[in-house]
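The values are calculated or read from the model by the stated rules, or taken from the named source; none is laboratory data. Bear in mind the structure is a predicted one, so any value in this text is a computation, not a measurement. Don't worry about glycine lacking a Cβ; one is built from the backbone with ideal geometry, like all the others, and counts go over all protein chains shown.
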Amino acid sequence: MTDENDKFNTHQQDTKSRFEFLVKSIILLSGGTLTISFNIFTNQKLQLTDETIDFLQTAWKCLSISIGCSIFSYVIMVLRDYHFGEYWRKHLANNQGSTFNHKYYDFVIIFFAVLALGCFMWGLWEQYHGAVSLLKRLKEIN
């Protein structure tokens with residue numbers, strides 16, 4: 001039984017580590033992209049077209065939502081783990097036979113993680129189109 005518990009604990013830790021890496025990556029890349037695009041595209045010398053501005057506004061909204069959903073998903077995961085720890089502590093102290101129902105936590109975590117990933121991808125796509133639109137405008141000027 002101990003060997004199975006060790007395998008389970010290792011699997012859970014590995015899954016949590018991968019999820020943390022995904023959240024940190026989304027936050028880092030979204031934040032970096034927002035910072036770079038904000039500095040480049042708010043340059044007063046560049047006259048942005050309405051199309052470019054629309055692309056950038058959508059990209060910034062999506063990337064900001066992506067960061068928020070990533071953080072929210074991670075916080076819910078921490079709350080789930082805390083709740084499970086409390087359940088486990090009470091279970092060991094009282095030797096109770098009830099089960100911990102984590103499916104609602106898991107649904108919220110997965111929902112917001114998928115939403116974060118989708119908004120991240122959409123934001124990068126819009127950022128790409130904004131950059132292409134800006135390059136077309138610069139080509140027209142020169």
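Screening 30, 66 for residues that are modelled with pLDDT of 85 or more, in contact with a Cys (Cβ under 8 Å, 6 or more places away or on another chain) and among the hydroxyl-bearing types (Ser, Thr, Tyr) leaves exactly one candidate, 66. Residue-level analysis places residue 117 outside the set of residues that are over 25 Å from residue 33 (Cβ atoms) and assigned to a helix (DSSP H, G or I).
Residues in segment 70-114 that are of a type in the set (A, V, I, L, M, F, W, C) and over 27 Å from the mean Cα position of the chain (by Cα): 88, 92, 93.
Yes/no per residue for (1) touching a residue at least 40 places away in the same chain (Cβ under 8 Å); (2) under 19 Å from residue 60 (Cβ atoms):
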{"residue": "84", "(1), (2)": "no, no"}
{"residue": "87", "(1), (2)": "no, no"}
{"residue": "108", "(1), (2)": "no, no"}
{"residue": "112", "(1), (2)": "yes, no"}
{"residue": "133", "(1), (2)": "yes, yes"}
{"residue": "137", "(1), (2)": "yes, yes"}
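Could you list, in sequence order, the residues of segment 11-62 that are surrounded by 15 or more Cβ atoms within 10 Å (Cβ to Cβ), under 24 Å from residue 115 (Cβ atoms) and either β-branched (Val, Ile, Thr) or without any contact (Cβ under 8 Å) to a residue 40 or more places away in the chain (or both)? Correct list: 23, 26, 27, 33, 34, 54, 58.
Have a look at 24, 45 and point out the one that is in a helix (DSSP H, G or I), over 14 Å from residue 126 (Cα atoms) and charged (D, E, K, R).
Every option except 24 fails the conditions.
Would you confirm whether any residue within segment 69-85 is surrounded by 12 or more Cβ atoms within 10 Å (Cβ to Cβ), out of contact with any Pro (no Cβ under 6 Å at 6 or more places or on another chain), among the polar types (S, T, N, Q) and in a helix (DSSP H, G or I)? Looking through segment 69-85, at least one residue is surrounded by 12 or more Cβ atoms within 10 Å (Cβ to Cβ), out of contact with any Pro (no Cβ under 6 Å at 6 or more places or on another chain), among the polar types (S, T, N, Q) and in a helix (DSSP H, G or I). When 40, 36 are checked against the criterion of being at pLDDT 75 or above and under 15 Å from residue 130 (Cβ atoms), 36 stands alone in meeting it.
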